[in-house]
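A.B. asks: Below is a structure I'd like to ask you about.
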Amino acid sequence: MATLGFARYKVYGGTFLQADNIRFTDFRFIRGSDPYFFVHPLLAFNLLGPTISTQNAFLEGHYHHDFAGTLLDKVPLIKRTKLELTAGIGTLLVQDGNFFHTEAYVGLNYPFRIRKQRMKVNVNWVNAYTNLENAIASQVKFGFTFYNPQKQRWEY
């Protein structure tokens, strides 16, 4: 995959050993999504809806792949635009009510620079399925990310 850009992923889950004695402030909270803005795909979901809280077992996984121009640089006219392609998927499983949410996205990034700061503006098409609503949702979202020179990588 190194010749096709770079990938990052996060998988985490957990449960409370004594779930009967947990205060609400100690619950696990999964952030809900913003209406039009694309949030960091490794830290949150983009079409989840309201924030979810649980005191039971949960499993959350995210995968983000940045093709960094390797695919779109093969097309002669698009190569001049400097557009980059990204894609990813995220899944959430919560024991409460057998909740299941999964989403996939594909997006176009436009990298640019203001003085020494490198940035990307992006447009993403996000599709999601949630088993409680038993429906597929789709939405176009807009995002903005920065290059971190200390880590020598993009935030997403």
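The values are calculated or read from the model by the stated rules, or taken from the named source; none is laboratory data. Not measured: the values here are computed from a predicted model. Heads up, the Cβs are rebuilt from the backbone with ideal geometry, glycines too, and the neighbour counts pull from every protein chain shown. Quick note on the areas: whole protein, heavy atoms, side chains included, nothing else; ligands and nucleic acids left out. Shrake-Rupley method; radii C 1.70, N 1.55, O 1.52, S 1.80 Å.
A.B. asks: Treating only the Cβ atoms of Lys and Arg (+1) and Asp and Glu (-1) as charged, compute the dipole magnitude of region 21-156 about its Cα centre; round to the nearest 20 debye.
C.D. replies: 940 debye
A.B. asks: Please compute the contact order of region 11-72 in relative form: average sequence separation of alpha-carbon pairs under 8 Å and at least six residues apart, divided by the residue count, as a percent.
C.D. replies: Result for region 11-72 is 43 percent.
A.B. asks: Over the chain, what is the mean sequence separation of C-alpha contacts under 8 Å (at least six apart), divided by residue count, expressed as relative contact order in percent?
C.D. replies: Reported relative contact order: 19 percent.
A.B. asks: Short version: ³J(HN,Hα) in whole Hz for each residue of region 106-120, in order, from phi by Karplus 6.51 cos²θ - 1.76 cosθ + 1.60 (θ = phi - 60°), x for Gly and Pro, what are they?
C.D. replies: Per residue, the Karplus-derived 3J(HN,Hα) values read 9, x, 10, 10, 10, x, 8, 9, 10, 6, 9, 8, 8, 9, 9 Hz.
A.B. asks: Quick check for you: with a 1.4 Å probe and neighbouring chains kept, what is the accessible area per residue of the chain, in Å²?
C.D. replies: For the chain, the solvent-accessible area averages 62 Å² per residue.
A.B. asks: Of all accessible surface on region 44-132 at a 1.4 Å probe, what whole percent is carbon and sulfur?
C.D. replies: Answer for region 44-132: carbon and sulfur cover 63 percent of the accessible area.
A.B. asks: Between Phe142, Phe6, Gln117, whose Cα lies farthest towards the positive end of the dipole of the chain when Lys and Arg beta carbons carry +1 and Asp and Glu beta carbons carry -1, centred on the Cα centre?
C.D. replies: Value computed over the given set: Gln117.
A.B. asks: Using only the Cα atoms of region 1-56, build the gyration tensor, take square roots of its eigenvalues as a ≥ b ≥ c, and label the shape rounded, prolate or oblate: rounded if a/c is under 1.5, else prolate if a/b is larger than b/c, else oblate.
C.D. replies: Judged from the Cα gyration tensor, region 1-56 comes out oblate (a/c at least 1.5, b/c at or above a/b).
A.B. asks: Please list, in order along region 20-37, the HN-Hα scalar couplings obtained from phi with the Karplus expression 6.51 cos²θ - 1.76 cosθ + 1.60 (θ = phi - 60°), rounded to whole Hz, x for Gly and Pro.
C.D. replies: For region 20-37, the Karplus curve yields 6, 10, 9, 7, 4, 5, 9, 4, 8, 10, 10, 4, x, 9, 8, x, 10, 9 Hz.
A.B. asks: Can you give the longest run of the chain that contains no trypsin sites (Lys or Arg not before Pro) sitting in a DSSP loop with at most 12 other Cβ atoms inside 10 Å?
C.D. replies: Counting at most 12 other Cβ atoms within 10 Å as exposed, the longest clean stretch of the chain is 24-79.
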